[in-house]
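Asks: This structure is in structure tokens; I'll ask about it shortly.
The values are calculated or read from the model by the stated rules, or taken from the named source; none is laboratory data. Computed from a predicted model, the values in this text were never measured in an experiment. Reconstructed Cβ throughout: ideal geometry from the backbone, glycine too, with neighbour counts over all protein chains shown.
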Amino acid sequence: MERKVEITGQAYLEVAKNEKQPFLVQKGEMKVQVLGTRFNVNSYDDETAIRTTLVEGAVNVVSGPAMMMLHPGQQAQLNKDGEITMIKDADVVAVLAWKEGMFQFKAADIETVMRQVARWYDVTVQYEGGRVKRKFYAPIPRTVSAANMFKILEATGGVHFRIEGKKWWLCHKKNRKCL
């Protein structure tokens, strides 16, 4: 009998090896065949790819006819076109930061930062004034208030926020209409 889980969002799983009861994680066309392991799957619908990061053990990541076996510290990324790529030296600490109550940004673009922040604070983000090219580097506790999150991001000098309830406008610091 097969053990099967379908997910949307993010999950960290520890699965005991049991050849008589294979374990399968599925998100759309991607399947993770678990061979006894600890791993993380990030499969939010607003992300650019589904990411499976192996911490310990082994998994096979399958999409259509393509299959990739992961070893500890590796990450498979399935993009929206169904292509699988491998990151051989994934930042496992950053991937698992959410589990430890942290945001961990390492060279993250503002869109990546704001997708995580918007989900955590349950807000909608609108962009004004063009693309922000700055990369963000910061470990930030998830216990920080929304107001303090704004201050932390604004302290980089590259962005400013205008807030109206659950809608946040993100602007270039140079864009005076947002101030």
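Asks: Would you check if there is a residue in segment 148-163 being within 27 Å of V55 (Cβ to Cβ) and either outside the structural domain of Q75 (by TED's automatic domain parsing) or of a type in the set (K, R) (or both)?
Replies: No: segment 148-163 contains no residue that is within 27 Å of V55 (Cβ to Cβ) and either outside the structural domain of Q75 (by TED's automatic domain parsing) or of a type in the set (K, R) (or both).
Asks: Any idea which residue in segment 62-76 is nearest to L153 (Cα to Cα), counting only those that are crowded, with 17+ Cβ neighbours inside 10 Å and at pLDDT 95 or above?
Replies: Of everything passing the filter in segment 62-76, Q75 is nearest to L153 (Cα to Cα).
Asks: Related question: Could you tell me which residue of segment 126-139 is farthest from the chain's Cα centre (by Cα), considering only residues that are in a strand (DSSP E or B) and not aromatic (F, W, Y)?
Replies: Top of the filtered list is E128.
Asks: Let me ask another. Might you check whether a residue that is over 15 Å from the mean Cα position of the chain (by Cα), surrounded by 18 or more Cβ atoms within 10 Å (Cβ to Cβ) and not acidic (D, E) occurs anywhere in segment 80-98?
Replies: Within segment 80-98, one or more residues are over 15 Å from the mean Cα position of the chain (by Cα), surrounded by 18 or more Cβ atoms within 10 Å (Cβ to Cβ) and not acidic (D, E).
Asks: Let me ask something else about it. Let me spell it out: the conditions are (1) surrounded by fewer than 14 Cβ atoms within 10 Å (Cβ to Cβ); (2) closer than 22 Å to K27 by Cβ; (3) among the hydrophobic types (A, V, I, L, M, F, W, C), and A118 meets all of them except one. Which number is the exception?
Replies: Going through (1) surrounded by fewer than 14 Cβ atoms within 10 Å (Cβ to Cβ); (2) closer than 22 Å to K27 by Cβ; (3) among the hydrophobic types (A, V, I, L, M, F, W, C) one by one, A118 breaks only (1).
Asks: Another question, if that's okay. State which residue pairs qualify: first residue on the phi < 0 side of the Ramachandran plot and inside segment 31-48, second residue part of a strand (DSSP E or B) and among the aromatic types (F, W, Y) in any location, beta carbons under 6 Å apart, and separation of 6 or more residues or different chains.
Replies: Pairs that qualify, where the first residue is on the phi < 0 side of the Ramachandran plot and the partner is part of a strand (DSSP E or B) and among the aromatic types (F, W, Y), are V34/F23; N40/Y12.
Asks: From the list E56, E19, exactly one residue is surrounded by fewer than 16 Cβ atoms within 10 Å (Cβ to Cβ) and outside any strand (DSSP E or B). Which is it?
Replies: One residue alone meets the criteria, E19.
Asks: Conditions: (1) modelled with pLDDT of 85 or more; (2) farther than 24 Å from A90 by Cα. N175 meets all but one. Number of the miss?
Replies: (1)
Asks: Further, regarding this structure: When you scan segment 152-163, do you find a residue that is within 16 Å of the chain's Cα centre (by Cα) and not in a loop (DSSP other than H, G, I, E, B), even just one?
Replies: Among the residues of segment 152-163, not one is within 16 Å of the chain's Cα centre (by Cα) and not in a loop (DSSP other than H, G, I, E, B), which makes the answer no.
Asks: Taking segment 88-125 on its own, how many of its residues are under 20 Å from G158 (Cβ atoms), part of a loop (DSSP other than H, G, I, E, B) and in contact (Cβ under 8 Å) with a residue 40 or more places away in the chain?
Replies: 1
Asks: Now a separate question. Can you run down the residue pairs with Cβ atoms below 8 Å, 6 or more apart or on separate chains, where the first is in segment 154-167 and closer than 13 Å to V123 by Cα and touching a residue at least 24 places away in the same chain (Cβ under 8 Å) and the partner is part of a strand (DSSP E or B) and among the hydroxyl-bearing types (S, T, Y)?
Replies: K166/T124; K167/T124
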